[in-house]
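Report on the following structure.
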Amino acid sequence: MIENLKAEIRTVPTPALNKAKKLGKVPAELYGNKQQNQHLFLNQVEFEKIYRSAGESSLIDLNLGSGQPFKVLVQQVDHDPISGHVIHADLLQVRMDQTLEVKIQLVFIGESKAVKELGGTLVKSLEEVEVSCLPGDLISHLDVDISSLNTFEDAIRVSDLHFPSTIKVLTEPETTIAIAQPQKVEVVEEKPAEDVVAIPTEAEAKEAENKTNEETKE
């Protein structure tokens, strides 16, 4: 299902931009499809909710007034480093008959025997894959089942993924996506024992003293 997002035209330079942000408006740019860039305002709460669901590889119907909605993809999102809220977004207008190159997010599911039973650690070396397809064939993500990682020698590669036939994978097939690694055991080097000076007993001290006296007399 395609999400619907409302937007309003924003003038540039934008007067009282900070005030608009405090009212929950996010500045955005709409470009692509050989159209002139349009400066927009999005509702922050609405956009963040849709973005969590759609990501950057799902089509969104962008509504501007009463006209036909634009088919768009989220291209880039900037977040506030403290609050984490979206502070700016770039939206790409697409043509439904034109092939796109986008990145599909990988979502890891299942349990790995090497992790659960052998005490290993899951290492994900790739979390998205570049693909080519028509906008209507896009998917928001692809599930990757890690249950095939039974030993530390097993690996999941791009060639193991199962995309719909309408999607062409552009990432190198032999690229490793995930493995299970044994946990590193820290080896503590034992320090060599320091030389211990033996303290003679009283009897041993007396015997040594007598021996010394005898040697002196001689």
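Bear in mind these aren't lab numbers, they're just calculated from the coordinates by the rules spelled out. For clarity, every value in this text was computed on a predicted model and none was experimentally measured. Here the Cβ positions follow ideal geometry from the backbone for every residue, glycine too, while neighbour counts run over all protein chains shown.
How high is the FRET efficiency between HIS162 and TYR31 when r is their beta carbon distance and R₀ equals 30 Å, given to the nearest 0.05?
Details: r = 34 Å, r/R0 = 1.12.
Step by step, r from the Cβ atoms, then E = 0.35.
Among the trypsin sites (Lys or Arg not before Pro) within the stretch 89-183, which fall in a DSSP loop and have no more than 13 other Cβ atoms within 10 Å of their own Cβ? Kindly include the intermediate steps, with their values, before the conclusion.
Details: sites: ARG95, LYS103, LYS113, LYS116, LYS124, ARG157, LYS168; in loops: ARG95.
Counting only loop positions with at most 13 other Cβ atoms within 10 Å, the trypsin sites (Lys or Arg not before Pro) in the stretch 89-183 are ARG95.
Assuming R0 = 45 Å, what is the FRET efficiency of GLN183 and ALA20, from their Cβ-Cβ distance, to the nearest 0.05? Present the calculation step by step, with values, prior to reporting the outcome.
Working: r = 51 Å, r/R0 = 1.13.
Here the calculated transfer efficiency is 0.35.
Please give, to one decimal in nm, the separation of the simple spin-label points placed at MET1 and GLN75, each 7 Å out from Cα toward the Cβ.
Inter-label distance under the simple model: 2.9 nm.
May I ask you to sort SER57, SER147 by Cβ crowding, counting other Cβ atoms within 10 Å and putting the fewest first?
Details: SER57 21, SER147 11.
Ordered by Cβ neighbours within 10 Å, fewest first: SER147, SER57.
What is the distance, in nm, between label points placed 7 Å from the Cα along the Cα-to-Cβ direction at ILE109 and at THR121?
2.7
Based only on other Cβ atoms within 10 Å, what is the fewest-to-most ordering of ILE82, ILE156, ILE50? Write out the running numbers ahead of the final one.
Details: ILE82 6, ILE156 23, ILE50 18.
By the 10 Å Cβ count, ascending, the order reads ILE82, ILE50, ILE156.
What is the distance, in nm, between label points placed 7 Å from the Cα along the Cα-to-Cβ direction at THR99 and at HIS85?
Placing both labels 7 Å beyond Cα along the Cβ direction yields 4.2 nm.
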